[in-house]
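These notes are about the structure you will find just below.
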Amino acid sequence: MNTVTKKVVVSEGIRLIGEGTFSGSIIEKAVLPESLEEIEAFAFYECKNLSLAEIPKNVRIIGEKAFYSAGLEEIILKEGLEIIGSCAFSLNPLKAVSIPSTVAEIGEWAFSSTEIEDIILPKNLTKVDKCVFSNCEKLKRACISEGTERIKDSVFSGCRSLEEVYFPSTLTGISPIFWENDSLKSLHFASEESRCEFLTDGSIWDSLFSCRNKDEGEKEKAYLVFEGLNITYNTPVPEPPPPVHESGFSLDGAAAAFMAITALGFLCTLIFLCLLIKSKRTAAGKKAEETKEEGFHPQVLGIWHCERCGTANGPVANYCYSCGKKRSGESGKPPQDACQKGGGLK
């Protein structure tokens, strides 16, 4: 019940965070070591200010209610995790979660009452326990991947925004999983229709919709939803997202944006420098060309003009530097008419 500490750094070498270790504290950030292997029950229970948790790659077990009713807006789970305990992340403002492919067991109510909008469960998950996503009122799509054999009661009960659910071909047992799913529009089965009829004893309504001990008005409302469903068969389940890299390197939106802006700034600077160098070279070449064309200024040095090509030459030159014609006049002196034309020395 610590009400002072806001940041916790767990030292490298620690393998277990015990039951209730940080329960009820005001910590905002917890840095967990790579040596960590297990987070026991109630470890971060009701840590209301903890908005982000990055679970190290060696953690195999997250215990019951480990992060129950914390302030988690983001959770990073990595390959290697095997068990997520019951109510582990319940009552958190989580908007998204990627469950590693190594997870074999998810306890009941594990992600209930969160703000998750889309979920694709990992392949080869043995079973989906009861009420795992119940009361996730913003959940719109749920995909139960291939390998899952059993779905228990009320997994999606109270998910009022749920629109479509995908079922794998590996199912061997199914229980009533829907109740108060007013927005439900589509059910997609990876199996053939005959296989689904066998699995549901010929009635999807009786097998998937929980209407036991409900009043007649609610039953009728649920049945109208069922009647309006689009049910497809032989529809593959969407693939789960790629796993988080083993190094644990990840970027949030702000960091990614910062890196993108930095890279763009570097590229723009490089282009500017290239253009500047090119412009300087062009200016230098143009200046040299102008100098060559203009020759010497008569008002400064005095010149003689070549009779053949008209090029202006310096007063001491005996041959035209442009065409090579020998200068006319005596003793290397410029002719009188050339001096008058060029305004040269007298």
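No lab work stands behind these numbers, since they all come straight from the coordinates. A quick note: this is a predicted structure, and the numbers were derived from the prediction, not measured. For neighbour counting, all protein chains shown are included, and Cβ atoms are generated from backbone atoms with ideal geometry for every residue, glycine included.
Between residue 311 and residue 19, the simple label model (points 7 Å from Cα in the Cβ direction) yields a spacing of 10.2 nm.
One chain, two ends: residue 160 and residue 3. Fully extended at 0.36 nm per residue, the span grows by 52.8 nm beyond their Cα-Cα distance.
If a spin label sat at a point 7 angstrom from the Cα of residue 76 along the line to its beta carbon, the backbone N atoms of the stretch 11-36 nearer than 18 Å would be those of 11-12, 28-36.
Computed from the C-beta positions of residue 266 and residue 51 and an R0 of 41 Å, the FRET efficiency is 0.85 to the nearest 0.05. When you filter the GluC sites (Glu not before Pro) in the stretch 1-89 for DSSP loop state and at most 10 other Cβ atoms inside 10 Å of their Cβ, you are left with 12. Pairs spanning more than 22 Å between alpha-carbon atoms, out of 138/221; 65/140; 48/130; 65/123; 7/48: 65/140; 48/130; 65/123.
In this structure, residue 220 and residue 126 have a Cβ-Cβ separation that, at R0 = 30 Å, corresponds to a calculated FRET efficiency of about 0.25.
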